[in-house]
Amino acid sequence: MTEAALFEAFGGVRGLIETTVPGLVFIAMFTVNKDLHTAAITALVISGVMVVVRLLRRDTVKHAFSGIFGVGFGVLFAMMTGNAKDFYLPGMLYTLGLALGYIVTSLAGVPLLGLVLGPVFKENLSWRKRNPGRKKAYTKASYAWGFILLGKSAVLFPLYFWGETTQFGWVTVVLKIPPFLLAVYLTWIFLAKAPPPINVIAEMEAEEEAAKAEKAAAKAATAEAGTSGRHRR
């Protein structure tokens with residue numbers, strides 16, 4: 001596993017662009033003309049275009065769809081309240097919930113990052129019982145994600161309640177990428193020092209091949225026994 005491979009598992013550069021650009025466009029337009037509706041609709045359209053481009057190129061659309069859902073909820077909140085800050089509120093609540101999820105699952109002994117990355121590295125949940133060193137790494141990385149996202153929330157929520165709208169929007173955009181990159185980097189450090197993943201997919205395929213070979217050998221043995229019996233008669 002390389003740092004680049006891990007980064008791609010979280011969406012890569014394109015995923016970052018798709019989750020950052022709509023919010024950037026929204027606050028840039030709102031800063032210029034103070035028109036909530038124009039800024040919100042433009043951000044939603046841009047997010048939709050990104051999804052269409054993914055579909056046309058037959059790329060993975062998971063990150064693009066998560067982006068447009070986030071923007072859609074943001075637009076809905078902002079339109080309902082008439083407060084531009086509420087464009088970012090769903091994302092803030094999601095970040096806070098995700099932070100708590102990382103921490104709580106780590107405390108429970110089932111770190112969220114292991115549940116997310118296990119299938120990516122074809123180990124599924126084998127790290128829970130068969131690879132304790134890897135479980136420890138996933139736990140450390142999940143704590144890192146949790147506390148980094150909590151720190152981000154600790155900055156944004158006070159600004160949401162007491163900060164000026166454009167200031168809050170720009171800080172939100174600025175804090176989009178650096179905490180994410182830090183969390184990915186720390187995850188790579190922890191996992192790079194951990195034992196390699198157990199490829200349970202390969203194990204299952206090997207077991208299936210062995211079962212097929214055993215079945216074929218038994219069938220051949222049965223056929224040979226039947227032929228030998230006819231010859232004796």
Candidates for mean projected area of the Cα convex hull in nm² are (1) 15.6; (2) 18.5; (3) 16.9, and the calculated one carries label (2)
Measure of exposure for ILE201: accessible area at 1.4 Å probe, Å² rounded to 10, is 60 Å²
For the chain, the longest principal axis of the Cα atoms and the Cα long axis of helix 132-162 enclose an angle in degrees, to the nearest 10, of 20 degrees
Sparse-neighbourhood loop hits (trypsin sites (Lys or Arg not before Pro), the range 49-129; DSSP loop; Cβ within 10 Å at most 10 others) -> ARG58
CD proxy, 222 nm, the chain: helix-only mean residue ellipticity via -39,500 (n - 2.57) per DSSP H run with n ≥ 4, per residue, nearest 500, stands at -27000 deg cm²/dmol
The answer for ASN199, listing residues at least 5 apart or on another chain whose modeled amide H is closer than 5 Å to its amide H, is none
The answer for the range 137-195, accessible area per residue at 1.4 Å probe in Å², is 48 Å²
With 0.36 nm assigned to each residue of separation and the Cα-Cα distance removed, LEU93 to GLN167 gains 24.7 nm
Measuring from the longest principal axis of the C-alpha atoms of the chain, the long axis of helix 36-57 (C-alpha) lies at a number of degrees, nearest 10, equal to 20 degrees
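Calculated FRET efficiency, ILE189 and SER66, Cβ-Cβ r, R0 30 Å, to nearest 0.05?
Working: r = 26 Å, r/R0 = 0.86.
Efficiency at R0 = 30 Å is approximately 0.70.
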Relative contact order as a percentage, the range 62-180, C-alpha pairs under 8 Å and 6+ apart, gives 25 percent
Longest principal axis of the chain (C-alpha) makes with the long axis of helix 165-174 (C-alpha) an angle, in degrees to the nearest 10, of 30 degrees
Of the accessible area of the chain, computed with a 1.4 Å probe and all protein chains kept, carbon and sulfur make up a percent value of 68 percent
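Please label the shape of the range 55-167 as rounded, prolate or oblate, based on the square roots a ≥ b ≥ c of the eigenvalues of the alpha-carbon gyration tensor (a/c under 1.5 means rounded; beyond that, a/b larger than b/c means prolate, else oblate). Before the final figure, lay out each step's value.
Details: a/c = 3.58, a/b = 1.60, b/c = 2.24.
It comes out oblate by the Cα gyration axes.
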Taking every other residue with Cβ under 12 Å from the Cβ of VAL110 and scoring Lys and Arg +1, Asp and Glu -1, one gets +3
Largest-first ranking of LYS176, LYS215, LYS152 by accessible area, probe 1.4 Å, whole protein assembly kept, is LYS215, LYS176, LYS152
So, relative contact order of the chain in percent, Cα under 8 Å, 6 or more apart, is 20 percent
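The values are calculated or read from the model by the stated rules, or taken from the named source; none is laboratory data. These numbers were taken from a predicted model, which means no experiment stands behind them. When we count neighbours, we look across all protein chains shown, and the Cβ atoms used for this are built from the backbone with ideal geometry, even at glycine. SASA here: full protein model, heavy atoms, side chains in, ligands and nucleic acids out. Shrake-Rupley method; radii C 1.70, N 1.55, O 1.52, S 1.80 Å.
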